[in-house]
Amino acid sequence: MPTLGDIAKALDLPFRGNPETSLSRLASLDSAGEADLSFLAQKKFSKQLSTLTVGAVICPEDWVGDYTGAVVFSAQPYADFARATRLFDNRPQPSGRVHETAVVATTVQMGANVTIDGGAVIEDGVVLGDNAWIGPNVWLGSNVKVGNATELRSGVSLYHGVTLGHGCLIHANTVIGSDGFGFAPTDSGWEKILQLGAVTIGDRVEIGAGCAIDRGALDNTVIKDDVIIDNLVHIAHGVTIGERSAIAGQVGFAGGAKLGERCTVGGQAGFAGHLEVASDVHIGGQ
């Protein structure tokens, strides 16, 4: 368990209290106990501090008031709470080995310390960067490229030619590179338009569970660096998502839409095809 001193040092923040105090977990203000670390992200809740028995709290110095307990002083308590979660990380760790039930083509290029879990299928020409983690039952089609320290959770499917950057996290059952919805009407029915592009995803991108990201019809679908995408989002063929944008659950982009940099999109918003949204635009839910 980290101590109060460990946490303050890791976050590079001043603190008040006994540096040897052990803190067993992170907890909300409502549930925190004597051995827990909590945080105060809004000043309106500072009046609760005097009633708490929490082990320590992350908050701005001028919000402390009459509270006499241990404090890690932070001007950005929510961001520093996010950083503190890494000190209490309880996620499973990669094994650094290839499971005996994985099927890996002989032409796969593997970096150092790659983990491939049971039931994964990796086809010809795939390139896996150092410390990549391929979860159970993942399928990687031919010529997929996965960057260093990128993790694909259970059941993720990447079709042929998809490129993922470094430090990405793709959650369970997301499909990347499936065919865009392209059909030409004819007198005898629908003529399928082969989707000849691919999907290119930048570095440090996180994509939630159950998303569908289509390959481009001619040009690639592109998701740029540091984008975060919630669960159940559909991104159609040829869409571009700008750097550091955030997209909440159940959002849908029709083909060819372009979202600028640093945009935020609320849940269930929809984008018609070939719309262009400038940078730093914030769109509410629905």
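Criterion applied to Tyr78, Tyr67 was being among the aromatic types (Phe, Trp, Tyr) and assigned to a loop (DSSP other than H, G, I, E, B), and the one residue passing it is Tyr67. Just wondering, is there one or more residues in segment 219-227 that are in contact (Cβ under 8 Å) with a residue 60 or more places away in the chain, touching a Gly at 6+ places or on another chain (Cβ under 7 Å) and closer than 29 Å to Val108 by Cβ? Yes, segment 219-227 contains at least one residue that is in contact (Cβ under 8 Å) with a residue 60 or more places away in the chain, touching a Gly at 6+ places or on another chain (Cβ under 7 Å) and closer than 29 Å to Val108 by Cβ. Looking only at residues in segment 1-54 that are in contact with an Asp or Glu (Cβ under 8 Å, 6 or more places away or on another chain) and hydroxyl-bearing (Ser, Thr, Tyr), the one that is nearest to Arg91 (Cα to Cα) is Ser24. In segment 110-123, the residues that are under 14 Å from Arg153 (Cα atoms) form Cβ pairs under 6 Å with partners that are assigned to a loop (DSSP other than H, G, I, E, B) and of a type in the set (S, T, N, Q), at six or more places apart or across chains, as follows: Thr115/Ser95; Gly118/Thr101; Gly119/Thr101; Gly119/Asn137. As for segment 103-113, it holds no residue that is crowded, with 20+ Cβ neighbours inside 10 Å and farther than 20 Å from Asp214 by Cβ.
Residue count for segment 91-102 under the criterion of being loosely packed, with under 15 Cβ neighbours inside 10 Å and out of contact with any Gly (no Cβ under 6 Å at 6 or more places or on another chain): the result is 7.
Val144 falls short on exactly one of the conditions (1) open to solvent by less than 40 Å² (accessible area, probe 1.4 Å); (2) more than 17 Å from Cys168 (Cβ to Cβ); (3) touching a Phe, Trp or Tyr at 6+ places or on another chain (Cβ under 9 Å), and that condition is (2). Any residue at all in segment 17-28 that is crowded, with 20+ Cβ neighbours inside 10 Å, assigned to a strand (DSSP E or B) and among the polar types (S, T, N, Q)? No, the conditions are met nowhere in segment 17-28. The listed residues are Ser178, Ser188, Ser95, and the only one of them that is out of contact with any His (no Cβ under 8 Å at 6 or more places or on another chain) and closer than 26 Å to Asp226 by Cβ turns out to be Ser178.
One line per residue, one yes/no per condition, for (1) of a type in the set (Val, Ile, Thr); (2) under 30 Å from Glu151 (Cβ atoms); (3) within 30 Å of the chain's Cα centre (by Cα):
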| position | (1), (2), (3) |
| --- | --- |
| Ser38 | no, yes, yes |
| Ile58 | yes, yes, yes |
| Val64 | yes, no, no |
| Thr68 | yes, no, no |
| Arg91 | no, yes, yes |
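Would you call Leu52 open to solvent by less than 40 Å² (accessible area, probe 1.4 Å) and in contact with a Cys (Cβ under 8 Å, 6 or more places away or on another chain)?
no
Pull up segment 55-90, narrow it to residues that are among the aliphatic types (A, V, I, L, M) and surrounded by 18 or more Cβ atoms within 10 Å (Cβ to Cβ), then point me to the one that is farthest from Ile7 (Cα to Cα). Among those residues, the one meeting the criterion is Val64.
The values are calculated or read from the model by the stated rules, or taken from the named source; none is laboratory data. What you see is a predicted model; the values in this text were computed from it and never measured. With ideal geometry, Cβ positions are generated from the backbone for all residues, glycine too; neighbour counts draw on all protein chains shown. Just so you know, the surface numbers come from the protein's heavy atoms only, side chains and all, with ligands and any DNA or RNA stripped out. Shrake-Rupley method; radii C 1.70, N 1.55, O 1.52, S 1.80 Å.
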